[in-house]
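Note sheet for the following structure.
The values are calculated or read from the model by the stated rules, or taken from the named source; none is laboratory data. Keep in mind that this is a model prediction, so the values were computed, not measured. Every residue, glycine among them, receives a Cβ derived from its backbone with ideal geometry; neighbour counts consider all protein chains shown. Protein only, heavy atoms only, side chains kept; ligands, DNA and RNA dropped before computing areas. Shrake-Rupley method; radii C 1.70, N 1.55, O 1.52, S 1.80 Å.
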Amino acid sequence: MEDLKQVAAKAALDYIQPGQTIGLGAGSTIAHLVNYLKSEEALFKSITTITSSYNTLQQLREHGFSIKQPGDVSRLDIYFDGCDQFDHQLNALKSGGGIHTQEKLLAAMADKFILIGDGAKYVTQLYTTFPVVIEVIPEAVPFVMKQLKKIFSLANPELRLSNKKDGAVITEHGNLLIDIWFRSFPPLDSLNHRLKEIPGVLETSLFYNMAHAAIIAGKKGVEIIPKDPAYLI
């Protein structure tokens, strides 16, 4: 059976031009894209890469890509990333990896932010099978928990614990993660603002109104979904 993530990754090559600065996220689809970029020798030698992911960074180093750190730049030509799910307006949840703060920074830097993956991630509206995750400074966790329960009385916030070590997951910035499980999502257009108004909250895993397009692969083949029908990637 054909790997749909691999198909989507290969299709993404068409949108990369020689000499560009390319941002890359995390996950298996991105890993496929890195492998395809390596196989295109002229493209591989001419592009500069930046990533939000430790695993992707190791892969880029192993293949000998030209790499810059996120703090070295303020603009990317294009940023590719996968997600847990995204809706018809291309609002996405990127909750699993716990690196959404860095991912969102690169997505905001990019002239074009393109989601890539298999068609199963494309849904009519976001489902609560995935939490909204917030990165929180350690000192603020008790206060943030209290505020979340006050503002979203039906939600269930949980400190994310590690399954590899005893204790909580600690981010690259030394912060903690809170998974907010909703029974139904509040209006997405105000959710980020309501969460980030709480002192101590750094960033959320809801990528609202950020992606320009998506490249997905499914039973019908590769499909390009622009946020705006008039927008050409």
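Worth pointing out:
- Sorted largest first, extent of the range 148-207 alpha carbons per principal axis (Å): 35, 22, 21
- When you filter the trypsin sites (Lys or Arg not before Pro) in the range 37-81 for DSSP loop state and at most 16 other Cβ atoms inside 10 Å of their Cβ, you are left with Lys68, Arg75.
- Taking 0.36 nm per residue of sequence separation and removing the Cα-Cα distance, the Gln58/Lys220 pair yields an extension gain of 55.0 nm.
- Antiparallel bridges, percent of DSSP beta bridges restricted to the range 70-127 (to nearest 5): 25
- For the chain, DSSP calls about 55 percent of its internal beta bridges antiparallel.
- The residue among Val201, Ile137, Thr124 whose Cα reaches farthest toward the positive pole of the charge dipole of the range 87-225, with charges on the beta-carbon of Lys, Arg, Asp and Glu, is Thr124.
- Helical runs assigned H by DSSP (4 residues or longer) give the chain a calculated mean residue ellipticity at 222 nm of -8500 deg cm²/dmol, each run adding -39500 (n - 2.57) before division by the residue total.
- Taking the chain and dividing mean pair separation by its residue count, relative contact order in percent (alpha carbons under 8 Å, at least six apart): 22
- Computed over every Cα-Cα pair of the range 101-192 and binned at 5 Å starting from 0, the pair-distance distribution P(r) comes out as 3, 11, 17, 20, 20, 17, 10, 2, 0 percent.
- Computed over Cα pairs, the Kirkwood radius of the range 134-233 leads via Stokes-Einstein (0.890 mPa s, 25 °C) to a diffusion coefficient of 155 µm² per second.
- Debye equation applied to the C-alpha atoms of the chain, log10 I(q)/I(0) at 0.08, 0.17, 0.18 Å⁻¹: -0.30, -1.26, -1.36
- Considering the range 47-162, its Cα convex hull presents a mean projected area of 9.5 nm².
- All-pairs Cα distance distribution in the range 1-81, expressed in whole percent, bin size 5 Å: 3, 15, 30, 29, 16, 5, 1, 0, 0
- Surface composition of the range 1-44: carbon plus sulfur atoms contribute 49% of the solvent-accessible area (1.4 Å probe, protein chains only, all chains present).
- Only Lys, Arg, Asp and Glu carry charge here, each on its Cβ (+1 for the first two, -1 for the last two); on that basis the chain has a dipole of about 360 debye about its Cα centre.
- Average accessible surface area per residue within the chain, 1.4 Å rolling probe, Å²: 50
- Carbon/sulfur fraction of accessible area - the range 135-233, other protein chains in place, 1.4 Å, %: 56
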